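Asker: The structure that follows is given in the form of structure tokens.
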Amino acid sequence: MRVKKLTHKNSLLMKNLKRILGISIVLIAIVFIAADHIDAPAVQGGSSDISDFYAFQGENTNNLVFVTNMQGLLSPAVTGDASFDENILIEINIDNNADNIEDLVIQAIPRDGRMYFFGPIAPSETGLNSKIEADNAMQLVVDITPYGMDAMTATSAGITAFAGPRDDPFFMDFAQYSEIIAGNATSFNDPGSDTFAGTNVLSVVVEVPKAMLGGSGTLNTWVETKRKQ
Amino acid sequence: MKNIKTALMVSLISVLSFNCSNDDNMPTGPTGPDFTGTYVQMDQMARPAVNTVFVSPSSKDMFNTTIPSEMNANFQSMFQTNLEALSPAYANPGDTNALGLDAATFTGLLATDVLNVSTTTTTTFFDGTNVLTGRALADDVITVELLLIFGGEDFSENPGLSDDNVDANDKPFLNSFPYLASPW
């Protein structure tokens, strides 16, 4: 990565270190910086906790891929017992006219060992409350891949989907970051150590033709989890 | 469509059955998956680490339940305060990061937490050329964010804080769907 080469070009002293450490109390709440792993009290460690979100061009460059990862930091010992929650809707939001309001959603929700996908479709309402667009949207169903099995995928109308445990693609020396924030260290190590090595997530991957997403070159996207009331 | 037909048939059968029986235990609706009800927001995410780094502890749940179009008005000021606490150089007049963004502009961008994705070019969080055109699995997003927070105008400041020196995942990604590596 080009940016990394620039990092050590110069070695200005950390003139503000003391001030940084002085405000470490403010930063203690940042201790679980890990993309979005365990980011807030109401969702921390629960079945609605999103750990990461990715959006990138697919192997077929006419497609975009959306990855939503949940329930991070699963050790191999507990991965087989981890499961998606049937009361939690995963909703990928797509704004294609630059107002930061979703024009389209892709919904995913598990039922009896299978993940049901609906959309992309204009939602019947935007914002914090959602209905599952089961009556109106294209539906795609995929078996949730059990731990230890090869990835099972399903494709329909150009959309491909997967749900199940995968290696957590996130990487960071979170342990050393914590030491810095705690005032026990003044810099990262070189080389660092990936705190997320050897851990898994529950992942939902959906690949969609760009032509279904609208817009004129740039989309604004985000993912939500929503609990059935 | 097949499922709808099945569901209709099942409901028709159960209605018919109900009509010739007083058995209160007979199902009266579709026996397919139930997708009814209202689902209310719990968590949301777009760019990596935004809530964790820039939102103050008491506001984290609120951030997760604020729609993106209202985030800037509610959170930009908090983001700027927290950025300047993390990286005090930002408080100096005219101080910018390597993208040329000062504290107000940088946090104005971040406070609306959506992940921008290009449908026409390379999709990457930052590859030295393309900025915020997506997020690929291999992108070293934490180092990018550390650089933009601590690295100053040319990524040269605070070198010990601006790179965690973990540059890649512990397993190689796949070239094909589902792209993520198999679990450990």
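Asker: Among all the aspartates and glutamates, which ones have a C-alpha under 20 Å from A:K210's C-alpha, if same-chain residues fewer than 8 places away are not counted?
Answerer: Of all the aspartates and glutamates, those that pass the test against A:K210 - Cα under 20 Å, at least 8 places apart if same chain - are A:E59, A:E91, A:D95, A:D99, A:E102, A:D103.
Asker: A further question on this structure: Within 10 Å, Cβ to Cβ, of A:R227, how many net charges do the neighbouring residues add up to if Lys/Arg are +1 and Asp/Glu are -1?
Answerer: Values: positive: A:K226, A:K228; negative: A:D85, B:D43.
The answer is 0.
Asker: While we're looking at this one, here's another question. Which whole number gives the average, over all residues in A:111-119, of C-beta atoms from other chains lying within 10 Å of the residue C-beta? Numbers along the way, then the final one.
Answerer: On the way: counts 4, 1, 0, 1, 0, 3, 0, 1, 0.
Taking all residues of A:111-119 together, the mean is 1.
Asker: From other protein chains only, count the Cβ atoms within 10 Å of every residue's Cβ in B:96-109, then give the mean. Please report the intermediate quantities before stating the final value.
Answerer: On the way: counts 0, 0, 2, 0, 0, 0, 0, 0, 0, 0, 0, 0, 0, 0.
That average works out to 0.
Asker: OK, next. For B:F173 paired with A:A197, estimate the spin-label separation in nm (one decimal), with each label point 7 Å from Cα along the Cα-to-Cβ line.
Answerer: Simple spin-label model gives 2.0 nm for this pair.
Asker: Next question, about the same structure. Sorted by average packing, counted as other Cβ atoms within 10 angstrom per residue and highest first, what order do A:84-91, A:151-158 take? Please report the intermediate quantities before stating the final value.
Answerer: On the way: A:84-91: 21.1, A:151-158: 14.9.
Put in order of decreasing packing, that is A:84-91, A:151-158.
Asker: Say each of A:S216 and B:T65 gets a label point 7 Å from the Cα, pointing the same way as Cα to Cβ; how far apart are those two points in nm?
Answerer: 3.8
Asker: Taking 0.36 nm per intervening residue step and subtracting the Cα-Cα distance, what contour gain separates A:L128 from A:E86 on full extension?
Answerer: Values: separation 42, 0.36 × 42 = 15.12 nm, distance 1.85 nm.
In short, 13.3 nm is gained.
Asker: Which order do B:I67, A:I50, A:I181, A:I121 fall in if you start with the one that has the fewest other Cβ atoms within 10 Å?
Answerer: On the way: B:I67 18, A:I50 28, A:I181 21, A:I121 15.
Going from sparsest to densest Cβ surroundings: A:I121, B:I67, A:I181, A:I50.
Asker: Still on this structure, please answer the following. So between A:A182 and A:R114, what do we pick up on full extension, going 0.36 nm a residue minus the alpha carbon distance? Write out the running numbers ahead of the final one.
Answerer: Numbers: separation 68, 0.36 × 68 = 24.48 nm, distance 4.32 nm.
Going from the current span to full extension adds 20.2 nm.
Asker: In what order do A:R227, B:R47 fall by count of nearby beta-carbon atoms within 10 Å, going from fewest to most? If you can, show how the numbers build up before the last one.
Answerer: Working: A:R227 18, B:R47 23.
Going from least to most buried by this count: A:R227, B:R47.
Asker: Within region A:102-189, which GluC sites (Glu not before Pro) sit in a loop by DSSP and count at most 16 neighbouring Cβ atoms inside 10 Å? Mind dumping the intermediate values first?
Answerer: Numbers: sites: A:E102, A:E125, A:E133, A:E179; in loops: A:E102, A:E125, A:E133.
Listed in order of number, the matching sites are A:E125.
Asker: Give A:K131/A:K228; A:K228/B:K60; A:K226/B:K60 a once-over and call out the pairs whose C-alpha atoms are over 19 Å from each other.
Answerer: On the way: A:K131/A:K228 9 Å; A:K228/B:K60 21 Å; A:K226/B:K60 16 Å.
As for pairs spanning more than 19 Å Cα to Cα, those are A:K228/B:K60.
Asker: Using a Förster distance of 56 angstrom, determine the FRET efficiency expected from the C-beta separation of A:A98 and A:N189, and round it to 0.05. Mind showing how you got there, number by number?
Answerer: Working: r = 41 Å, r/R0 = 0.74.
Rounded to the nearest 0.05, the efficiency is 0.85.
Asker: What does the average come to when, for each residue of peptide B:82-93, you count the partner chain Cβ atoms lying within 10 Å of its Cβ? Mind showing how you got there, number by number?
Answerer: Numbers: counts 4, 0, 0, 6, 7, 3, 8, 2, 0, 2, 0, 0.
Shielding by partners across B:82-93 averages 3.
Asker: Place a point 7 Å from the Cα of B:S77 along the Cα-to-Cβ direction; which residues of region B:103-127 have their backbone N under 20 Å from it?
Answerer: Only B:103-113 fall inside the zone, counting backbone N under 20 Å.
Asker: Quick check: Cα centre of region A:123-170 to Cα centre of region A:193-219, how many Å?
Answerer: Here the two parts' Cα centres lie 12 Å apart.
Asker: Cut-off is 10 Å between beta-carbons; in what order do B:F155, A:F66, B:F173 appear when sorted fewest neighbours first? Walk me through the numbers before you get to the answer.
Answerer: Values: B:F155 26, A:F66 23, B:F173 16.
With the sparsest Cβ surroundings first, the list reads B:F173, A:F66, B:F155.
Asker: If you don't mind, another one. Taking a ≥ b ≥ c as the square roots of the Cα gyration tensor eigenvalues, with a/c under 1.5 meaning rounded and otherwise prolate when a/b beats b/c, else oblate, which class fits region B:50-150?
Answerer: Values: a/c = 1.82, a/b = 1.19, b/c = 1.52.
It comes out oblate by the Cα gyration axes.
Asker: How would you classify region B:81-122 from its alpha-carbon gyration tensor, with a ≥ b ≥ c the square roots of the eigenvalues: rounded for a/c under 1.5, else prolate if a/b is greater than b/c, otherwise oblate? Provide the component values of the computation, followed by the final result.
Answerer: Details: a/c = 3.33, a/b = 2.03, b/c = 1.64.
Because a/c hits 1.5 or more and a/b exceeds b/c, region B:81-122 counts as prolate.
Coordinate-derived values only; no laboratory data. Model, not experiment: these values are computed from the prediction. Neighbour counts run over all protein chains shown; Cβ positions are idealised from the backbone, glycine included.
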